[in-house]
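Beneath this line is the structure, given in structure tokens, with notes to follow.
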Amino acid sequence: VAARGCGGVWRRAWRRGAGGPVPAPRGQRAVTCNAKGGAVPAGKSGLAPWVPVVGLEIHAQISSNSKLFSGSQVQFAAPPNALVSFFDASLPGTLPVLNRRCVEAAVMTGLALNCSINKKSLFDRKHYFYADLPAGYQITQQRVPIAVNGSLSYSLCIDNKMSQIVTKTVRIKQIQLEQDSGKSLHDDTRSQTLIDLNRAGVGLMEVVMEPDMCCGEEAAAAVRELQLILQTLGSSQAVMAEGQLRVDANISVHRPGEPYGVRTEVKNINSLRFLAKAVDYEIQRQIEELENGGTILNETRAFDSKLGCTVPMRDKEGKQDYRFMPEPNLPPLILYDAKSLPANMNHQQVVNIDWIHERLPDLPSVKRAKLVEQYGILPEHSFTLLNEDGLAEFFENVVKQTQMKPKKVIGWILNDLLSYLKQHSLTVKESPVSSFVLADLLNLLEKKDISSAAAKQVLAELWKGEGKTPLEIVKEKKLELIQDQKELEQICQAVIDGRENEVMMMVLR
Amino acid sequence: SVIGVRFQVAAALQEGRVTPAELCQRCLSLIKSTKFLNAYITVAEETALKQAEESERRYRRGQPLGVLDGIPVAVKDNFNTAGIETTCASNMLKGYISPYNATVVQKLLDQGAVLLGKTNLDEFAMGSGSTDGVFGPVRNPWSYSRQYKEKSVPKSHSEDKESNWVITGGSSGGSAAAVSSFTCFAALGSDTGGSTRNPAAHCGVVGLKPTYGLISRHGLIPLVNSMDVPGILTRCVDDAAVLLGSLAGHDPKDSTTIQDNFKPFELPNLTDVSKLSIGIPKEYHAPGLSSEILALWSKAADLFKNSGAKVIEVSLPHTRYSIVCYHVLCTAEVASNMARFDGLEYGHRSDMNRSTESMYAATRREGFNDVVRGRILSGNYFLLKQNYENYFIKAQKVRRLIANDFVKVFQSGVDILLTPTTLSDAVPYMEFIKEDNRTRSAQDDILTQAANMAGLPAISVPTALSERGLPVGLQFIGRSFQEKQLLTVAKWFENQVKFPMIQLEEVKRHNHDVFQHQKSASFS
């Protein structure tokens, strides 16, 4: 399915949606499903409950210097049409040349998702006319994709309790390489469409997840885990807000024991929160529709984040026939492993699956296990550490530089650092307090130079980012704990000396 | 020079008998005096003269760029040429100036060749007559030859002599006519189903279709990507070998080119053909083959036999299915390749602006002729989900069988196949247009397209004149990437048959040794 800039489509869809009856606001009740992937409680019909089924198609933009089949640069928010080669603009006579980096990124991703990598995969043309698809077709992998039959394990907590984490698995049907389209910008006042081809031809990995999920929370958790994996691999930056990760959800509901219901496809989802919302809304909508005796149309719907609902996207008039055809300008993509690698082959010319496999970084699940094992922190804390970009590294750096036990450090990281960053919408990298400075502070606390309450006071000063060291602040504010026995005695004596009567009264009482 | 191979006219350049500028001037004035042939769509006079002057300076310094330095060439108007219009003889691309050179064009220029202009063709190379382009039909120079004029007696006095002119064949008819009328020394064509060999046969020149993947297609506006190859049109086989040497080899911009280095070769003069095994595929005795061509084909086979070669009848059993499969695969790719012409990025755009969709429709209706639109329609039909298995997949399977036929024959020890190139000699334009393009293409490609289906190298060599005084060519088909063997045999054959030179009034006026040195013996 084409990943397309949603601007125009979205607005058109919105207009159509707004023209019709405005969907009634639905109850805040989120669709819930138990940890076993169970069904939604029966509605008013009192029949057996409904089983929602959710599958995902995820387009991840490959992190690469140049596009999938051309040498143009890949860059977010460049001036319109600044990154367009002759091929990207589909000038007659131009030919695609496959970008090795994109292939390697897809292989890496496939391996990380436990896929079998096809040693021979093929490219196909998928035809449709659209202003931001200059060639009139998209080059994709319809028949034989680069990776198939994988799985992704993800975790989510039950009833929002961090202490109850369950792990689930979704099957990965395939990963295919394909071209991104350009972007259309509709100028309604002058009734014209402006085309930006900067994105046209950028490499995408389409990750197809089987319908193994049953609610928005699961879908969001699965995508979050995928996002972390892609970022760990570096195969995609996977920033949803920048469109590097785009999620379409296929949703249906059925009665237990019955075949799957008619599904709808929900597009235009641009954050994880909206993904969960969109899926739950759509499940609820379908259940209500069916319970009211209606039917579900096999249609594409758009999620309207302002209204929090899904609306039909385009008329299915004259169902699209994509007229798939083998791409004749690209020979089959052949990958090698250590066994099949021909001896006389130029190593620059081939992609070796085993070579890539050996160099895969630790995946998030492994990293989490290591954090738990190495530092004795709680599993749920390992999730939090990995969910924030750079937080685990921050934590580890602090641990390295303090005598404080990691179990105690984690509290400062999660309760103080993270909540401050969240409050101020900062990333870990933007933190005004570096791991070094925090370690310094925790060392003061650990050496009992200051009290815990004083440490919090110092931290509050440190957030201001004035470049003072914790020790300077402690001195300035005189927050040191006094450890000299004589000095303490003298202070006590001074207090008593000045207030003999009061002391007497206290003693007598 | 460096590698020992040289273009025929290059000797005159090197010996200083003629300068590149003189050569270019003469070609340009010949182009003018043969304008009625309609061989060129664009004549790049200014840039050609500039290139010739630069070449001349290099010769004066004694540092020519290569074997092609100073040699005037023409390029079919479906190859991109930076700064020179590239039209594909279509309204869709009228006025389109490409920002880049096709790899083959760049290679010609890098070796000092002088690009005279862009030659006429059927719109987007879809045709076999060079009659269906937006700039009008190309006339076969032989229509104006003494040989043809002497033989063709008007049936009645009322018949206008002017209407007797014959077609060039196609779709590279402009390139074939350009070489045949001496307006250039070599030309690029393209060959998808016979588009180089067919007009070469009708115009009495050599037409080479190299192995698929040997020459880059980057910059060639595609007809059928899986069958297109740049074609070479020259006056003799040696020249074709030189051009092949200059153009062949891997191109990083075309992923379907071979990785191996290609070594240019000089053709030996075969004296002994006794080790050769020539196959005569019986299926090429096709319905509609003229008795005259059949006789010439037999004579050629006898020539090999009498010279000691082994000549055996062979069978390519799936040949008869080839043309229908070619039609399915061709139109399917055409439908896909033509999708980019939507009026947005380049080319014609209709004024219709009711909606994007109506703009697309009007643009494509105005920009493409009936032939192109017809092929787009049938191609899209074959690619529809419900038809794909029955048409496209089946045609692909048969294509494999056709390729296997050739593999088997070559494995059996046959070196080269000898077949006719065309069913008959060139027909008069008035007769040709009685049939529609589809019917014509199906008939005219019948003997040539199988080589494209199989990706094999093939060459048409001018053999003799027909009873009407028109050229007839025979085709040699070789093993994949065995161009040297193919051309060596073709050269031997060429030397044996001594094909006569065209006698054109227009050329006589420019009678100069450089134009005729190569075949002065047969020029009477």
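The values are calculated or read from the model by the stated rules, or taken from the named source; none is laboratory data. As the structure is a computational prediction, the values presented were derived from the model and not from experiment. Methodologically, a virtual Cβ is constructed for each residue, glycine included, from the backbone with ideal geometry; neighbour enumeration extends over all protein chains shown.
Filtered by the rule that a residue be within 13 Å of chain A (Cβ to nearest Cβ) and not hydroxyl-bearing (Ser, Thr, Tyr), the stretch B:95-112 gives B:Ile97, B:Pro99, B:Asn101, B:Ala102, B:Val104, B:Val105, B:Gln106.
Residues in the stretch A:350-383 that are without any contact (Cβ under 8 Å) to a residue 60 or more places away in the chain, within 19 Å of the chain's Cα centre (by Cα) and buried (at least 18 other Cβ atoms within 10 Å of the Cβ): A:Arg368, A:His381, A:Ser382. In the condition set (1) farther than 27 Å from A:Cys115 by Cβ; (2) buried (at least 23 other Cβ atoms within 10 Å of the Cβ), A:Pro256 is compliant with all but (2).
Taken over the stretch B:76-94, the criterion of being hydrophobic (A, V, I, L, M, F, W, C) and either out of contact with any Phe, Trp or Tyr (no Cβ under 7 Å at 6 or more places or on another chain) or within 12 Å of chain A (Cβ to nearest Cβ) (or both) is satisfied by B:Phe79, B:Ala82, B:Ile84, B:Cys88, B:Met92, B:Leu93. When the helices (runs of 4 or more DSSP H) confined to the stretch B:1-101 are screened for residues that are modelled with pLDDT of 95 or more, those reaching at least 1 such residues are found at B:20-33, B:45-61.
Within the stretch B:19-39, residues that are acidic (Asp, Glu) reach partners that are part of a helix (DSSP H, G or I) with beta carbons closer than 9 Å, at six or more positions or on different chains, in the pairs B:Glu22/B:Ala52; B:Glu22/B:Glu56; B:Glu22/B:Val514. A:Ile175 meets all of the listed conditions (1) more than 14 Å from chain B (Cβ to nearest Cβ); (2) closer than 30 Å to B:Tyr388 by Cβ; (3) surrounded by fewer than 24 Cβ atoms within 10 Å (Cβ to Cβ) but one, namely (3). Take the conditions (1) among the aliphatic types (A, V, I, L, M); (2) in contact with a Leu (Cβ under 7 Å, 6 or more places away or on another chain); (3) part of a helix (DSSP H, G or I); A:Val84 misses just one of them, which is (3).
Quick grid of which residues meet (1) surrounded by 15 or more Cβ atoms within 10 Å (Cβ to Cβ); (2) part of a helix (DSSP H, G or I):
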site	(1), (2)
A:Asn397	yes, yes
A:Leu414	yes, yes
A:Val433	yes, no
A:Val437	yes, yes
A:Leu442	yes, yes
A:Lys468	yes, no
A:Leu488	no, yes
A:Asn501	no, yes
A:Met506	no, yes
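Residue count for the stretch B:313-337 satisfying the condition of being assigned to a helix (DSSP H, G or I), buried (at least 19 other Cβ atoms within 10 Å of the Cβ) and more than 8 Å from chain A (Cβ to nearest Cβ): 12. The residue list B:Leu377, B:Leu383 contains one member that is surrounded by fewer than 19 Cβ atoms within 10 Å (Cβ to Cβ) and closer than 25 Å to A:Glu327 by Cβ, which is B:Leu377. Going by what's in this entry, would B:Ser255 be described as at the interface with another protein chain (Cβ under 9 Å from one of its Cβ atoms), surrounded by fewer than 23 Cβ atoms within 10 Å (Cβ to Cβ) and out of contact with any helix residue (DSSP H, G or I) (no Cβ under 8 Å at 6 or more places or on another chain)? Answer is yes for this residue.
Among A:Glu258, A:Glu206, which is outside any helix (DSSP H, G or I), of a type outside the set (Val, Ile, Thr) and out of contact with any strand residue (DSSP E or B) (no Cβ under 7 Å at 6 or more places or on another chain)? Answer to the check: A:Glu258. Only one of these conditions is not met by A:Ile146: (1) free of Cβ contacts under 8 Å to residues at least 40 places away in the same chain; (2) in contact with a helix residue (DSSP H, G or I) (Cβ under 7 Å, 6 or more places away or on another chain). Which number is it? Every condition holds for A:Ile146 apart from (1). Touching a strand residue (DSSP E or B) at 6+ places or on another chain (Cβ under 7 Å), on the phi < 0 side of the Ramachandran plot and facing another protein chain (nearest Cβ under 10 Å) - does that describe any residue in the stretch A:108-117? No, the conditions are met nowhere in the stretch A:108-117.
Tell me, please, whether a residue that is on the phi > 0 side of the Ramachandran plot and either part of a helix (DSSP H, G or I) or crowded, with 18+ Cβ neighbours inside 10 Å (or both) can be found in the stretch A:265-283. Scanning the stretch A:265-283 turns up at least one residue that is on the phi > 0 side of the Ramachandran plot and either part of a helix (DSSP H, G or I) or crowded, with 18+ Cβ neighbours inside 10 Å (or both). One residue alone among A:Ala338, A:Ala302 is within 21 Å of A:Ile117 (Cβ to Cβ) and modelled with pLDDT under 95, and that residue is A:Ala338.
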